[in-house]
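The values are calculated or read from the model by the stated rules, or taken from the named source; none is laboratory data. Values in this document were obtained by computation on a predicted structure and should not be read as measured data. Backbone-built Cβ (ideal geometry, glycine too); neighbour counts: all protein chains shown. When the accessible area is computed, the model is the full protein with side chains, heavy atoms only, and any ligands, DNA or RNA have been set aside. Shrake-Rupley method; radii C 1.70, N 1.55, O 1.52, S 1.80 Å.
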Amino acid sequence: VEESPAVQIIRRLLQKCADISVYDPLAIEGARALFSDRITYAASVRECVAESAVCVITTQADEFRLIDYSYFAHHRTVVVDCWRLLDPTKLGADVKYIPMGMVASPSAGDPTTPDAAYRRGLVGDRGR
């Protein structure tokens, strides 16, 4: 968990006194060990995203793919999607979607995709 990009993001945001809510079904206990009560731990993706003005997705967990406009209660939410999991057409007009990084699922049929380039050894470690 300590090597996770999410940990680095959380540390930087804490330095800026940001209120942080996190959810990751695979790393929540590791996050608790690192951050204790300095951040809030959501019980679900929906709970974590609902009141957030900014949402940063740093995990590939499948449940994050379900995020759509109904998850956001806060107007003008910014979503930074580090794995390009989300379909921006399902997020609604009040969500600013910022895709980053590599596509999470390989596109085997298209040799020009980033994942195909990775399989051929043409790009770096995909952040893993």
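Some notes on this structure:
- Residue in region 25-43 that is small (Gly, Ala, Ser), free of Cβ contacts under 8 Å to residues at least 24 places away in the same chain and open to solvent by 60 Å² or more (accessible area, probe 1.4 Å) present: yes
- Cβ-Cβ under 7 Å pairs, at least 6 apart or on other chains, region 77-91 side touching a residue at least 40 places away in the same chain (Cβ under 8 Å), far side buried (at least 20 other Cβ atoms within 10 Å of the Cβ) and part of a loop (DSSP other than H, G, I, E, B): Cys82/Thr58
- Residue ID - farthest from Ala31 (Cα to Cα), chosen from residues in region 43-85 that are in a helix (DSSP H, G or I) and among the β-branched types (Val, Ile, Thr): Val49
- Condition check for Asp68: open to solvent by less than 70 Å² (accessible area, probe 1.4 Å), at negative phi and of a type in the set (D, E, K, R): yes
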